[in-house]
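Written out below as structure tokens is the structure these notes cover.
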Amino acid sequence: MKQNLTQKILSQHLVSGELTCGSEISIRIDQTLTQDSTGTMAYLQFEAMGIDTVKTKKSVAYIDHNTLQSGFENADDHAYIQSVALKHGISVSKPGNGICHQIHLERFGVPGQTLLGSDSHTPTGGGLGMLAIGAGGLDVAVAMGGGALYLSMPKVVKCELKGKLSKNVSAKDIILEVLRRLSVKGGVGKVIEYTGEGVQTLSVPERATITNMGAELGATTSLFPSDKNTQAFLQAQGRGGDYVPLAADEGAEYDESLSIDLSALRPLAACPHSPDNVHSIQALIRDKGKIKVDQVCVGSCTNASYLDLMRVAAVLKGKTVHPDVSFTVSPGSKQVFTMMAQNGSLADLIDAGARILECACGPCIGMGQSPKTGAVSVRTFNRNFYARSGTASADVYLVSPETAAFTALNGYLTDPAQEKEIPIITPPARFLVNDNLILNPADFKNIQVIRGPNIKPFPKNTALSDTLSGKLLTLLEDNITTDHIMPSDSKLLPYRSNIPHLADYCLRPADPDFAQKAKTHGGGFIAAGTNYGQGSSREHAALVPLYLGVKAVIAKSFARIHKDNLINNGILPLTFANADDYAKLSVLDELQLSGVRAQILKGDTLTIVNKTKNYTFTVTLEISKRLKQVVVDGGVLAHIGARK
Ligand code: MIC
Ligand code: SF4
């Protein structure tokens, strides 16, 4: 049978199941990655599993998110991660080495292998032809221990790229166009596979920009073939031996398809507050006039490659950033940073007025550089969710590096297609390779795990009760993100290993009184619209509600990673059988489910009694038999314990 590339990689890694859409499969995981803001929890969970050494081909613990050390907390987390990782056979990428996805692409990704990462942008590896998937920390901990990843077989969408990008139009504009067409929920349950002659016009880092931001579609992952450009990239990284050619079979079938004419594409921007609120910059200027800009930030795992930053430097060379713009640059990795220092382009950026930040996530996750009140901030990042910048009143636009560079000079949102052509920058024949900030476990013996006072135990669930009752604590709208559920900024990120501290901030951007209500009523239920839990993979968005006594979330639909995180922690992700029932609910209605365990194990529907309004409604829990047992046991750790 003719296979698409997704099917090929999946069948080579298949442990159980059949590749039919929607059915549960499990796959072998070759590599894992964690980062520090999800890593502490993932390693605490890994330790709880009692496994000595990881069973993967390669596992790397990156420290790249929580790098502002304004108290002891982040440094405590770093020390814990470094020691626990080395002890268990995991390589460590020290702070200063760069952003996990950029480094993994440069130094570790292998075409055709599987990668599971405790970060939603793990699909960046798809730019190299890897099947790279983001997940919660617990799933990654299981994979490190040699366990398979269970997922429901996604639909495979063919995205055919035709032609070639025109002047100053960028790979970022391609993914913004896909987001414009498919929306932030358009990719749920799907893999986006890129094909067509346009693929050959894109280098690996450009492909990685596209697969990275495919996370914003809600997609399981995105995938490019492995071809001559992949080979050139790996050779330039001194890893030519990792190259394998990979492509879909000629005439392979896909579940859905779309096609993009690259030559017709114009520079785009995702407007506040959603990555799919995409408009052409030309149209924005036409409709709104000049949009004055206060801040421009270049960086993040989407757009901080050597090519991206060299283009920005080429625009800024010999010029000065607009007087009203604060302009920051965070290189994606030490490799990028050093190469730009050596070839002088870093000097061009500094000279033009760039505020050079360390190579880390930085402003993308609100680790510093929050803009001023009511600011317009133009960023090359991948998420512009409400309040994520750390300034709730700010308007964040997501654009390409080319758009960002001209905007920084002009002081207003600028269409780069109307500016002079940026000289073509060819990928280097040889990147500068120096892995001295990667610690290898083989070089460290008799490691003691360092647990500073910021490392607190995490909440564990117990077997599901047969009767669940309590108040409906909140009624939320569509597209609630995990940034709403568990906000992150420079003040909160240091407490990622301290769930009791985080609890007070749960859902604050969406419902400021939520934590108080949950505490007053001893827990209860959450109800929401479609695509609940989109965005970050942070398991904290399940662990914190668990700590606050949330028993079930009832939504019109869920985002994949968050739904898995809820199940993994024994919270029921229930879907309204009839979406109209959402509107009948009011906050503080008393809800009750009885005979829950038997209902779950026997079928896919459950009945909820609204005791306040005296009616019943039906919800569904359409998950595999295996997951039903997990949730009934009280989550993955309780499930493993119960079955030992
Ligand atoms: C993000 O971009 O939101 C993060 C921070 O990288 C998260 C992980 C986290 O919340 O720690 C992600 O994308 O999964
Ligand atoms: Fe870091 Fe931002 Fe990428 Fe998340 S999206 S991994 S915070 S750079």
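At a glance:
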{"quantity": "Selection status of residue 554, touching a residue at least 60 places away in the same chain (Cβ under 8 Å), in contact with a helix residue (DSSP H, G or I) (Cβ under 9 Å, 6 or more places away or on another chain) and in a strand (DSSP E or B)", "calculated": "yes"}
{"quantity": "Evaluation of residue 562 against (1) open to solvent by less than 10 Å² (accessible area, probe 1.4 Å); (2) away from ligand 2 (no atom under 16 Å from the Cβ); (3) within 25 Å of residue 599 (Cα to Cα) (one fails), failing number", "calculated": "(2)"}
{"quantity": "Residue within the range 513-531 that is assigned to a helix (DSSP H, G or I), in contact with a Pro (Cβ under 9 Å, 6 or more places away or on another chain) and within 16 Å of ligand 1 (Cβ to nearest atom) present", "calculated": "no"}
{"quantity": "Among residues of the range 633-644, those that are surrounded by fewer than 18 Cβ atoms within 10 Å (Cβ to Cβ) and either of a type outside the set (D, E, K, R) or in contact (Cβ under 8 Å) with a residue 24 or more places away in the chain (or both), counted", "calculated": "3"}
{"quantity": "Number of the exception - residue 497 against (1) buried (at least 23 other Cβ atoms within 10 Å of the Cβ); (2) within 21 Å of residue 383 (Cα to Cα)", "calculated": "(2)"}
{"quantity": "Residue, surrounded by the fewest Cβ atoms within 10 Å (Cβ to Cβ), within the range 80-104, restricted to residues that are touching a helix residue (DSSP H, G or I) at 6+ places or on another chain (Cβ under 9 Å) and of a type in the set (S, T, N, Q)", "calculated": "91"}
{"quantity": "Residue within the range 82-96 that is more than 19 Å from residue 443 (Cβ to Cβ) and more than 14 Å from ligand 2 (Cβ to nearest atom) present", "calculated": "no"}
{"quantity": "The range 106-119, subset open to solvent by less than 10 Å² (accessible area, probe 1.4 Å) and within 13 Å of ligand 2 (Cβ to nearest atom), residue farthest from residue 335 (Cα to Cα)", "calculated": "118"}
{"quantity": "One residue from 383, 379 being open to solvent by less than 30 Å² (accessible area, probe 1.4 Å), in contact with a Phe, Trp or Tyr (Cβ under 8 Å, 6 or more places away or on another chain) and charged (D, E, K, R)", "calculated": "379"}
{"quantity": "Some residue of the range 66-79 being within 14 Å of ligand 1 (Cβ to nearest atom), open to solvent by 10 Å² or more (accessible area, probe 1.4 Å) and under 20 Å from the mean Cα position of the chain (by Cα)", "calculated": "yes"}
{"quantity": "Number of positions in the range 318-368 that are among the acidic types (Asp, Glu) and more than 25 Å from residue 489 (Cα to Cα)", "calculated": "2"}
{"quantity": "Count of residues meeting criterion [of a type in the set (Gly, Ala, Ser), within 16 Å of residue 167 (Cα to Cα) and surrounded by 23 or more Cβ atoms within 10 Å (Cβ to Cβ)] in the range 389-423", "calculated": "3"}
{"quantity": "Among (1) more than 23 Å from residue 636 (Cα to Cα); (2) within 16 Å of ligand 2 (Cβ to nearest atom); (3) touching a helix residue (DSSP H, G or I) at 6+ places or on another chain (Cβ under 8 Å); (4) not hydrophobic (A, V, I, L, M, F, W, C) - the single one residue 501 does not satisfy", "calculated": "(2)"}
{"quantity": "Subset tally (residues that are more than 19 Å from the chain's Cα centre (by Cα) and open to solvent by 30 Å² or more (accessible area, probe 1.4 Å)) for the range 269-280", "calculated": "2"}
{"quantity": "Residue 457 farther than 17 Å from residue 550 by Cα and out of contact with any Ser or Thr (no Cβ under 8 Å at 6 or more places or on another chain)", "calculated": "yes"}
{"quantity": "Flag for residue 608 being in contact (Cβ under 8 Å) with a residue 24 or more places away in the chain, under 27 Å from residue 641 (Cα atoms) and of a type outside the set (D, E, K, R)", "calculated": "no"}
{"quantity": "Every pair of residues 6+ apart whose Cβ atoms lie under 7 Å, when the first sits in the range 9-38 and is under 18 Å from residue 144 (Cα atoms) while the second is of a type in the set (Lys, Arg) and open to solvent by less than 10 Å² (accessible area, probe 1.4 Å)", "calculated": "37/496; 38/538"}
{"quantity": "Criterion (within 29 Å of residue 103 (Cα to Cα) and open to solvent by less than 30 Å² (accessible area, probe 1.4 Å)) met by exactly one of 313, 283", "calculated": "313"}
{"quantity": "Leading residue by the ranking (farthest from residue 111 (Cα to Cα)) among those in the range 171-213 that are of a type in the set (Val, Ile, Thr) and open to solvent by 10 Å² or more (accessible area, probe 1.4 Å)", "calculated": "188"}
{"quantity": "Residue ID - modelled with the lowest pLDDT, chosen from residues in the range 451-494 that are open to solvent by less than 20 Å² (accessible area, probe 1.4 Å) and in a loop (DSSP other than H, G, I, E, B)", "calculated": "454"}
{"quantity": "Pick from the range 338-381, criterion of a type in the set (S, T, N, Q), out of contact with any strand residue (DSSP E or B) (no Cβ under 6 Å at 6 or more places or on another chain) and under 23 Å from residue 317 (Cβ atoms), ranking: nearest to ligand 2 (Cβ to nearest atom)", "calculated": "338"}
{"quantity": "Search result, residues across the range 623-632 that are open to solvent by 20 Å² or more (accessible area, probe 1.4 Å), assigned to a helix (DSSP H, G or I) and not hydrophobic (A, V, I, L, M, F, W, C)", "calculated": "625, 626, 629"}
{"quantity": "Contacts under 8 angstrom Cβ, first residue in the range 188-217 being farther than 18 Å from residue 228 by Cα, partner acidic (Asp, Glu) and in a strand (DSSP E or B), 6 or more apart", "calculated": "190/256"}
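The values are calculated or read from the model by the stated rules, or taken from the named source; none is laboratory data. Values in this document were obtained by computation on a predicted structure and should not be read as measured data. With ideal geometry, Cβ positions are generated from the backbone for all residues, glycine too; neighbour counts draw on all protein chains shown. Ligands, DNA and RNA are stripped out before the accessible areas are found, and what is left, the full protein with its side chains, is counted by its heavy atoms. Shrake-Rupley method; radii C 1.70, N 1.55, O 1.52, S 1.80 Å.
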